[in-house]
Amino acid sequence: MTHDELSKNHPGGFDDTKSFEKDGRMYRATDDPSDGYNALEHYISKLNPHCSAFFQFPKRKWSPSDSVWHENWPLGVNKLGVMMREISEEAELSSIYTNHCVRATAIALWSDAGLENRHIMAVSGHRNEQSLNSYTSRPSSTQLRQSSDILTRSLVSSNASLQIDFNDSQPAQVFSHVTSTSQNTSMYHRSSFDNIFSSCSIGTVNLTVNPPREVDKD
């Protein structure tokens, strides 16, 4: 199924150029009724054969066993414009979704899965590759989780240990030569920092620890 739709950027008319014909396809993945292909097939089977519109006005009274669920006239443009919002409100979803959310979500999922931009454009109908940036600029939940895991693995390794000793009178040993001006020092094992500074070259480090001042109780 292909079509040439009107949009804000391409409203039609003599001065408008025809958009690229979309090459989107849908395949049956499972036998689950909620599968996209099965749901679309079921929806089409319930359309009124006397109306050529894809979105038709639903009947006021209908039964799941009826062969036709829709009237012989199309759904109005105003109703289509708020359809996703009304569905979100009626279903009491955590967020209010719009029609554009469906398009944006699909493009973001394709991009996160590694599809090339030219393949995405063939389905979405975009002409300019830069237009896809607005859909993919924000990282997905999976990418945010991966970013967090990378930092966690760098900070906490299986052989890393951290030991703090405030009663040790010896200077703290960190990487190289360290000078301490206080008896309150800390001992940090080097393995705790190997993963963090694996790409750095660090020489002599001077560490100064100032003990807390004693407060007179008089």
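Every number here is computed from the coordinates shown, using simple stated rules; none is lab data. All values reported here derive from a predicted model rather than from experimental measurement. Don't worry about glycine lacking a Cβ; one is built from the backbone with ideal geometry, like all the others, and counts go over all protein chains shown.
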Next on the checklist: Suppose the chain between ARG85 and ALA106 were pulled fully straight at 0.36 nm per residue; how much longer would it get relative to their current alpha carbon spacing?
Outcome noted: 5.8 nm
Item to check | Packing-based exposure ordering (other Cβ within 10 Å, fewest first) of VAL77, VAL123, VAL156 | outcome: VAL77, VAL156, VAL123
Checklist outcome for this item: Amide H contacts under 5 Å for GLN56, restricted to residues at least 5 apart in sequence or on another chain and with H modeled in the peptide plane, are LEU75
